[in-house]
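Inspection log for the structure reproduced underneath, given as structure tokens.
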Amino acid sequence: VPSSAPRGSASFQAQGTPGVKLWVLHQAQSVKLPSSVERWPLAPAPELLLAMDAPSKDVGDEKVRISYFREAGGVPVGRAVLYLTCVEVSLDADINRSGAVSRTLLDKASWTWGPEGHGAVLLVNCDRDDPGAEGLDNEDSAVHSYNDLKDMSQVVLRTRGPRAIFAGHRLLLHVDFGDADKIRVFYGGSGAELEKFKHVLGGSKLAYSVRPGRHCHESVFYVEGLAFPDVAFPGLVSLRVTLLESPEKGLLESPIFTDSVVFRVAPWIMTPNTAPPLEVFVCRWVLGAPALPAAGSAPESRFSRSVDDNEGFVEAVGALAERAQCPLTVCPAPQNRQDRWIQDEVEFGYVQAPHKTFPVVFDSPRDRGLKDFPVRSILGPDFGYVARQAPEGASSLDSFGNLEVSPPVTVQGKEYPLGRILIGSSFPRLGGRRMAKAVRDFLVAQKVQAPVELFSDWLHIGHVDEFLSFVPAPDRKGFRLLLASPSACYQLLKEKQEEGFGEAAMFQGLDRVPKPTINEILANEELRKFNDYAQRCIDWNRDLLKQELGLSEQDIVDIPQLFILTGSRADALFPDMVNMLVLGRHLGIPKPFGPVVGGRCCLEQRVRELLEPLGLSCTLIDDFFSYHVLLGEVHCGTNVRRKPFAFKWWHVVP
């Protein structure tokens with residue numbers, strides 16, 4: 001206000017036309033005009049605040065007049081008139097996370113977590129809506145279908161005001177250089193025809209000049225994500241629109257106003273065994289080439305035979321899926337190329353935005369016989385794909401039998417409503433094998449399922465699913481953690497020996513398989529010492545899981561299991577019962593072929609006694625010659641796509 005005052009002025013008076021609201025900021029207080037005070041002193045440096053609620057119809061159609069007065073004068077000694085033109089320039093997205101774009105007073109330039117948080121969400125457009133396309137939808141700069149647009153997030157640019165303003169100024173939609181390879185923006189103008197949608201922003205395109213239509217005040221842009229959060233990308237990207245004043249010839253444009261919207265790219269989310277199953281996968285194979293072991297090159301088997309196909313296994317899994325009312329998808333032999341370990345090749349998860357959720361398969365770096373199956377047979381409309389490679393070379397620990405996730409847990413008041421990812425590692429052993437850095441970095445960067453590294457390098461295959469699993473339960477936390485337990489197995493065998501069944505033998509009914517008795521197993525000191533070591537390794541993980549998942553002993557069930565030394569690491573002596581298929585309350589458990597006592601396998605009987613009181617139905621599946629002899633079990637040979645969490649990931653507080 002003082003900058004236009006004539007010399008000798010001491011006070012001022014301000015008046016606005018009806019479309020203008022005025023406040024005087026005087027001595028740190030704001031007073032709305034008109035007020036009981038007619039004149040305001042020019043010292044100490046008052047400010048005049050103004051606002052308009054509606055865009056102007058014409059340039060300069062609203063005014064503010066300031067009159068200046070001397071100390072005691074009644075007649076103004078000077079006047080200043082400010083001509084105002086109000087325009088609306090607003091960049092809006094689904095900041096409220098309601099599933100639709102709306103106007104909001106929330107800060108669009110920030111993104112916050114939690115139930116009371118705000119900020120827009122962006123999906124990585126990693127599915128393939130056009131069956132005729134070769135790659136993912138986000139691998140080209142074209143829109144192939146309206147379904148493709150539905151995977152994208154909308155951004156609405158609202159512009160209102162006199163046409164002369166927009167004709168004489170430039171409106172620029174732009175993205176930072178560092179974000180340009182993370183998003184792609186499409187615009188179809190005022191029409192809805194698919195062929196009109198063009199790539200306008202992202203990649204090498206850092207800015208796009210928008211021309212507001214004569215009769216259209218809203219321009220709708222569609223934004224797709226190109227990359228998941230990762231070690232060098234926290235997941236936040238910004239879009240901005242700037243109104244630029246066109247200068248005189250030879251001068252640079254100057255910005256008048258900028259509005260911005262921040263997106264967070266939706267993370268890839270795993271689902272636990274306890275989530276309802278939607279689809280079961282299994283490979284069918286026939287003996288026409290050397291059978292691949294579960295990981296890498298296995299030492300010579302202790303057993304002298306396997307089977308010519310896995311038809312019995314596929315039928316058993318199909319029957320279990322039918323009881324669980326879950327569809328079964330069989331990967332035929334030509335597609336799996338003798339690779340039966342479908343759990344190791346892929347992990348099913350999903351991505352979610354307020355407007356859309358779809359499953360995404362995570363392809364492991366192992367790349368064996370099933371390496372083309374995810375792209376050729378799973379990737380499709382509303383079914384996405386993501387992969388990470390291991391430049392240093394993949395180890396057995398990079399297979400996804402070594403990737404599990406817990407059900408939701410609370411740890412010392414800290415909630416993990418989407419559970420915590422569990423991966424196997426060589427810790428606390430120095431050296432040894434570890435999951436590829438690219439995979440670990442990817443899992444950590446998703447933020448919402450903070451990973452826990454367990455000790456699995458003591459196992460020959462080295463997967464966490466060899467010693468743990470989760471099953472649903474009706475009480476406590478809603479689940480039980482199952483842990484393989486040599487101690488529980490020795491205790492059971494000792495009980496049966498004391499009951500007079502010491503000569504009961506393992507592996508009855510299996511041809512050309514050694515059949516040690518209970519007495520022989522209990523007398524084998526080398527076997528006992530090695531299983532004491534295996535129990536110590538499992539106990540290390542037990543303590544870590546109790547600490548990192550907030551569990552107590554009552555949340556854990558010990559499943560009898562023995563291990564044998566293979567080379568320098570452990571394999572299961574008999575089919576590993578924790579390596580089970582969980583379909584709701586229906587469990588597909590590897591048949592252990594334990595000592596028969598009173599007409600029943602004592603190992604089967606003990607597992608039923610432990611799990612059936614939880615309302616679970618136990619089905620024992622014979623995988624001995626089709627999987628176990630190649631160092632894998634039921635869980636290794638199957639995979640399950642499960643229902644996404646009801647809990648929205650943006651409500652997490654990392």
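The values are calculated or read from the model by the stated rules, or taken from the named source; none is laboratory data. Nothing here was measured: the structure is a model prediction, and the numbers come from that model. Backbone-built Cβ (ideal geometry, glycine too); neighbour counts: all protein chains shown. These accessible areas exclude ligands, DNA and RNA; they are computed on the full protein's heavy atoms, side chains included. Shrake-Rupley method; radii C 1.70, N 1.55, O 1.52, S 1.80 Å.
What are the semi-axes of the equivalent ellipsoid of the stretch 269-651, taken as the square roots of 5 times the eigenvalues of the Cα gyration tensor, listed largest first and rounded to whole Å?
Details: eigenvalues 192, 114, 86 Å².
Ellipsoid half-lengths, sorted descending, are 31, 24, 21 Å.
Distance from the C-alpha centroid of the stretch 356-394 to that of the stretch 181-229: 29 Å, rounded to the whole angstrom. Of the GluC sites (Glu not before Pro) found in the stretch 345-409, the ones in coil according to DSSP and having at most 14 other Cβ atoms within 10 Å of their Cβ are E392. Quote the charge dipole size of the stretch 515-635 about the Cα centre in Debye, to the nearest 20; the model charges only the Cβ of Lys and Arg (+1) and of Asp and Glu (-1). For this selection, approximately 180 debye.
What does the net charge come to around T410 if you take all other residues with beta carbon closer than 15 Å to its beta carbon, with K and R at +1 and D and E at -1? Charge balance in the 15 Å sphere: +2. Placing unit charges on each Cβ (+1 for Lys and Arg, -1 for Asp and Glu) gives the stretch 88-265 a dipole about its Cα centre, and among I165, V124, V89 the Cα reaching farthest toward its positive end belongs to I165.
What ranking, highest mean first, results for peptides 33-43, 613-623, 272-282 when packing means the other Cβ atoms within 10 Å averaged over each residue? It would help to have the intermediate numbers written out before the result.
Details: 33-43: 12.4, 613-623: 18.8, 272-282: 20.6.
Most protected by this proxy first, the peptides run 272-282, 613-623, 33-43.
Dipole orientation for the chain: of the candidates A316, P391, F177, F177 has the Cα lying most toward the positive pole (charges on Cβ; Lys, Arg +1; Asp, Glu -1).
Taking the Cα atoms of the stretch 155-257, the ratio Rg/Rh between the radius of gyration and the Kirkwood radius comes to 1.01.
Find, to one decimal place in angstroms, the Kirkwood hydrodynamic radius of the chain, where the mean of 1/r is taken over every pair of different Cα atoms and then inverted.
Evaluated over the chain, this radius sits at 29.0 Å.
Rounded to 0.05, the FRET efficiency of the D382 and V330 pair, given R0 = 25 Å and the Cβ-Cβ distance, is 0.70. Angle of helix 486-498 to the longest C-alpha principal axis of the chain, folded into 0 to 90 degrees and rounded to 10: 30°.
Each of G250, S141, G225 was scored by the projection of its Cα onto the charge dipole of the chain, and the greatest displacement toward the positive side belongs to G250; charges sit on the C-beta of Lys, Arg, Asp and Glu.
Note on the chain: with charges restricted to the Cβ of Lys and Arg (+1) and Asp and Glu (-1), its dipole about the Cα centre is near 2360 debye.
So for the stretch 510-556, what percent of the C-alpha to C-alpha distances run longer than 15 Å? Of the Cα pairs, 63 percent sit more than 15 Å apart. Cα extents for the stretch 229-274 along the principal axes, largest to smallest and rounded to whole angstrom: 67, 19, 9. Per residue, the accessible area of the stretch 269-651 comes to 37 Å², computed with a 1.4 Å probe over protein heavy atoms only.
Only protein atoms count toward the accessible area here, which uses a 1.4 Å probe; on the stretch 442-573, the carbon and sulfur part of that area reaches 48 percent.
Listed by chain and number, the aspartates and glutamates placed with their C-alpha closer than 12 angstrom to that of K546 are D555; residues fewer than eight positions away on the same chain are left out. Taking the square roots of five times each eigenvalue of the Cα gyration tensor of the stretch 11-84, the equivalent ellipsoid has semi-axes of 23, 15, 9 Å, listed largest first.
Net charge near D181, counting Lys/Arg +1 and Asp/Glu -1 over other residues with Cβ under 15 Å of its Cβ?
On the way: positive: K182, R184, K205; negative: E139, D140, D176, D179, E224, D230.
That sum, taken over residues with Cβ under 15 Å, equals -3.
Over the C-alpha atoms of the stretch 413-535, the Rg to Rh ratio, Rh being the Kirkwood estimate, stands at 1.08.
Angle, helix 311-323 long axis vs. longest principal axis of the chain, Cα atoms, 0 to 90°, nearest 10? So the helix axis and the longest Cα principal axis differ by about 50 degrees.
For the chain, the longest principal axis of the C-alpha atoms and the axis of helix 602-611 are separated by about 30°. For the chain, averaging the sequence separation of C-alpha pairs within contact (under 8 Å, six or more residues apart) and dividing by the residue count gives a relative contact order of 12 percent.
Take every DSSP beta bridge whose two residues both sit in the chain, then give the antiparallel share in percent to the nearest 5. Walk me through the numbers on the way to the answer.
On the way: 106 of 133 bridges.
Bridges in the chain that DSSP calls antiparallel: roughly 80 percent.
Rounded to the nearest 0.05, the FRET efficiency derived from the C-beta distance between E279 and E503 at R0 = 56 Å is 0.75.
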